[in-house]
Amino acid sequence: MIFSAEEREELFTRELIPLFQELIRNACINDGRVDSGQEVKSANTLQAYLGRLGLECRRWEPQPGRVSLMCDLPQKSGRPTLCYMGHTDVVPARAEDWKHPPFAAMIEEEQVWGRGTVDMLCWTAAQAVAIAAHHKKRSELAWNLKYLALADEESAGTWGARYLTENFWADVACDLMITELGGFYLENGLGLCSLITVAEKGVCWLRLSWKGTSGHGSLPYKSDNAILKAAEAVQLLSRWDSLESQDPVYLQMKRAFLEDGKLGLDDIDRGLAAFLHTAGHTTLSPNILAGGTKANLIPDRAQLTVDIRFLEQDCPGGTPANVIKLVQRILGPRLAEDCNIEVLDFFPPTHTNLEIPALGRIAQILESHYPQAKLLACRIGGVTDGRFWRSRGVPVLGFTLFHTDMGIQDYSERIHSANERISLSSLARCLDFFLDFPVGEAP
Ligand SMILES: [Zn+2]
């Protein structure tokens with residue numbers, strides 16, 4: 001323990017709280033448009049904070065206002081690099097749905113309220129304070145520390161993680177990355193687990209289009225109606241069942257969520273069941289259906305957009321072509337034949353090796369705070385910016401320490417939702433974690 005309780009208290013109150021509040025108030029709202037986000041506000045905040053301690057930052061701005069920031073502590077050769085990575089953008093919020101204004105960062109009821117508090121400004125702020133504190137203290141660490149505060153995570157990372165990893169890999173490469181998401185707790189008959197993301201499913205968005213023959217709506221007999229093809233596809237895709245995964249990450253999650261086989265999926269909360277189900281199955285969700293122009297016109301065109309989250313087992317090789325083959329197989333030859341398939345977005349599945357010593361180190365920190373808690377490695381159905389590093393071979397872990405008041409349901413009710421908030425105790429645990437992780441041996 002390099003930092004005493006008094007020093008932690010001081011860092012928490014005088015540095016973390018004001019920095020965290022300023023990041024929330026900056027309201028870097030990413031609505032998917034290229035000129036939204038304006039993460040330059042939070043890049044400036046972080047650069048000013050780190051600069052006061054003599055730390056230099058590097059900035060990238062691939063589009064006006066879309067600034068990502070990097071800060072390296074002075075490096076010692078021969079040491080591996082540990083990168084703390086956070087994003088500064090947040091999703092929109094409708095103020096009328098909130099108990100406290102979403103961008104005021106009010107502290108009420110022992111909680112900090114605001115958009116981004118759990119996704120993921122608590123990481124972004126605590127990581128910055130931790131690296132600054134180690135710098136100020138001239139801590140002897142086994143790691144070289146790097147910090148990234150990225151733009152555009154909430155819209156596929158185009159102007160942040162994707163841009164940096166594709167164009168500046170040598171600058172942003174590292175030997176271990178710690179980022180979102182994880183740290184929330186699952187508590188049931190088996191005890192208490194804190195979840196850590198080690199793997200993400202593949203994602204593939206496809207737009208399927210069918211042609212038909214237009215005609216008068218009063219004469220449907222044996223008509224060639226494009227909507228009927230799309231509707232049939234909706235049924236086939238949504239009813240398709242993938243095989244249940246047999247890989248160790250999923251099986252361990254299943255044991256933990258279903259209390260060692262005592263429960264079934266239908267016995268647990270729907271949100272928990274969906275979290276577990278997606279970890280062990282390829283899923284296809286038909287999410288946009290479009291077709292037809294007029295009530296009395298048989299449509300000659302229909303389009304269906306499908307959100308596919310896939311496991312390696314169902315799409316060996318993890319390429320777009322193999323996902324398309326899977327979809328064609330499900331549709332069958334008749335529907336597949338005249339279906340045109342466009343790939344709108346694609347990223348292969350990624351996973352981190354479970355043998356890395358960092359997992360043991362994290363389990364140790366967790367147990368030092370909550371001796372009854374175990375670490376549970378998870379695969380998530382969603383994606384984070386971590387995938388850009390994981391796909392290039394960097395071990396990436398989604399984790400921070402929270403107080404046990406952050407249950408998995410609390411977390412999932414808050415993320416991207418109204419009344420997003422974090423307790424002061426959970427925020428303090430985040431800081432503890434990022435202060436303590438790099439102390440001690442590196443692999
Ligand atoms: Zn996030």
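With contributions of -39500 (n - 2.57) from each DSSP H run of at least four residues, the per-residue ellipticity at 222 nm computed over the chain stands at -9500 deg cm²/dmol.
Taking every alpha-carbon pair under 8 Å whose residues sit at least 6 apart, the chain reaches a relative contact order of 23 percent. Indicate the gyration tensor shape class of the chain (rounded, prolate or oblate), computed on the Cα atoms with a ≥ b ≥ c the square roots of the eigenvalues: a/c under 1.5 is rounded; otherwise a/b larger than b/c is prolate and the rest oblate. Here the chain falls in the prolate category.
Accessible surface calculations at 1.4 Å, restricted to protein heavy atoms, place the chain at 43 Å² per residue. Result for the chain in a Gaussian network model with C-alpha springs under 10 Å: among LYS222, LYS325, LYS201, the largest mean-square fluctuation is at LYS222. In plain terms, the chain from ARG52 to THR293 could stretch by 80.7 nm, reckoned as 0.36 nm per residue minus the Cα-Cα distance.
Dipole check for the chain: with +1 at the C-beta of Lys and Arg, -1 at the C-beta of Asp and Glu, and the Cα centre as origin, the magnitude is about 960 Debye.
How would segment 9-166 be classified by its alpha-carbon gyration tensor: rounded, prolate or oblate, with rounded meaning a/c under 1.5 and the a/b versus b/c comparison settling the rest? Note, shape of segment 9-166 comes out oblate. Qualifying trypsin sites (Lys or Arg not before Pro) in segment 13-55, where qualification requires a DSSP coil assignment and no more than 14 other C-beta atoms within 10 Å, comprise ARG33, ARG52. Springs join every pair of Cα atoms under 10 Å in this Gaussian network model of the chain, and among GLU108, GLU15, GLU180 the largest mean-square fluctuation is at GLU108. Here the simple spin-label model places points 7 Å from the Cα toward Cβ, and for ARG255 and ILE107 these points are separated by 4.2 nm. I need the shape label for segment 160-235. Rule: rounded when a/c is under 1.5, else prolate if a/b > b/c, else oblate, with a, b, c from the alpha carbon gyration tensor. In terms of gyration-tensor shape, oblate. Element breakdown for segment 66-148 at a 1.4 angstrom probe: carbon and sulfur atoms account for 50% of the accessible area. Considering only LEU344, GLY202, LEU397, the residue lying farthest towards the positive end of the dipole of the chain is LEU344, judged by Cα position with unit charges set on Cβ.
With a threshold of 21 Å on the Cα-Cα distance, the over-threshold entries among LYS41/LYS201; LYS136/LYS374; LYS41/LYS99; LYS262/LYS374; LYS76/LYS136; LYS201/LYS229 are LYS41/LYS201; LYS136/LYS374; LYS41/LYS99; LYS201/LYS229. Here the spin labels are modelled as points 7 Å beyond Cα on the Cα-Cβ line, and at SER4 and VAL234 they lie 6.6 nm apart. Here's the picture: a label point sits 7 Å out from the Cα of SER77 along the beta-carbon direction, and within segment 132-176 the residues with their amide nitrogen under 16 Å of it are 144. Per atom type, segment 382-430 shows carbon and sulfur on 42% of its accessible surface, probed at 1.4 Å.
Surface composition of segment 213-257: carbon plus sulfur atoms contribute 58% of the solvent-accessible area (1.4 Å probe, protein chains only, all chains present).
Largest GNM mean-square fluctuation across GLU110, GLU244, GLU39, computed for the chain with C-alpha springs under 10 Å, falls on GLU110.
The values are calculated or read from the model by the stated rules, or taken from the named source; none is laboratory data. These numbers were taken from a predicted model, which means no experiment stands behind them. Backbone-built Cβ (ideal geometry, glycine too); neighbour counts: all protein chains shown. Calculation scope for accessible area: heavy atoms of the full protein, side chains included, ligands and nucleic acids excluded. Shrake-Rupley method; radii C 1.70, N 1.55, O 1.52, S 1.80 Å.
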